[in-house]
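The values are calculated or read from the model by the stated rules, or taken from the named source; none is laboratory data. Small disclaimer: the values here were computed from a predicted structure and weren't measured. Here the Cβ is made from the backbone with ideal geometry for all residues, glycine too, and neighbour counts use every protein chain on show.
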């Protein structure tokens, strides 16, 4: 769970490690329904960092996960290992499975919460949380801030904030997910 530095009607800001982030809580990128799981807290809403992995594979391996996460670390300025505490794996394919090496990799990476798309995965292990999406829209892979409630997970677009040491910028802007841009108020 994150310690929120600032909340506003447009979003939340927080710090992980030495990096500041802003998440658009006004217009989530996507919201999915949580299935039945003993790992879902039904009494609170929490904000957590989460990594979305879109797999176009019918068998998810440790090598696939490691390659994917290494790619995120090298190409995405927002992503850091702090986003690995929770992972959501989805796929457009039916009958997807996790093999033993994938489970070993997730354990080694320190994943505490594993969310799996219930329409894609054949068997969802009892330590994973099944997730159901009512839309055909595939959420883009990468780091998000998740707002987890008793019945849903909302994926919030997350931006890394940089210090404006030379005061070159008046204000930042971010997508509102409806075609407009909004000024960042952090």
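Observations, loosely collected:
- Per-region count, region 82-118, residues surrounded by 13 or more Cβ atoms within 10 Å (Cβ to Cβ), touching a strand residue (DSSP E or B) at 6+ places or on another chain (Cβ under 7 Å) and under 22 Å from residue 36 (Cα atoms): 18
- Scanning region 37-53 for residues that are in contact with a helix residue (DSSP H, G or I) (Cβ under 9 Å, 6 or more places away or on another chain) and either free of Cβ contacts under 8 Å to residues at least 24 places away in the same chain or surrounded by fewer than 18 Cβ atoms within 10 Å (Cβ to Cβ) (or both), we see that the one that is farthest from residue 158 (Cα to Cα) is 53.
- Failed item in (1) under 18 Å from the mean Cα position of the chain (by Cα); (2) part of a strand (DSSP E or B); (3) surrounded by fewer than 18 Cβ atoms within 10 Å (Cβ to Cβ), with residue 71 passing the rest: (2)
- When residue 79 is tested against (1) part of a loop (DSSP other than H, G, I, E, B); (2) surrounded by fewer than 20 Cβ atoms within 10 Å (Cβ to Cβ); (3) touching a strand residue (DSSP E or B) at 6+ places or on another chain (Cβ under 8 Å), exactly one condition is not met: (2).
- For region 1-36, taking the residues that are modelled with pLDDT under 75 and under 17 Å from the mean Cα position of the chain (by Cα), the one that is surrounded by the fewest Cβ atoms within 10 Å (Cβ to Cβ) is identified as 3.
- Under the condition of being under 24 Å from residue 73 (Cα atoms) and at pLDDT below 85, the residues counted in region 120-171 number 3.
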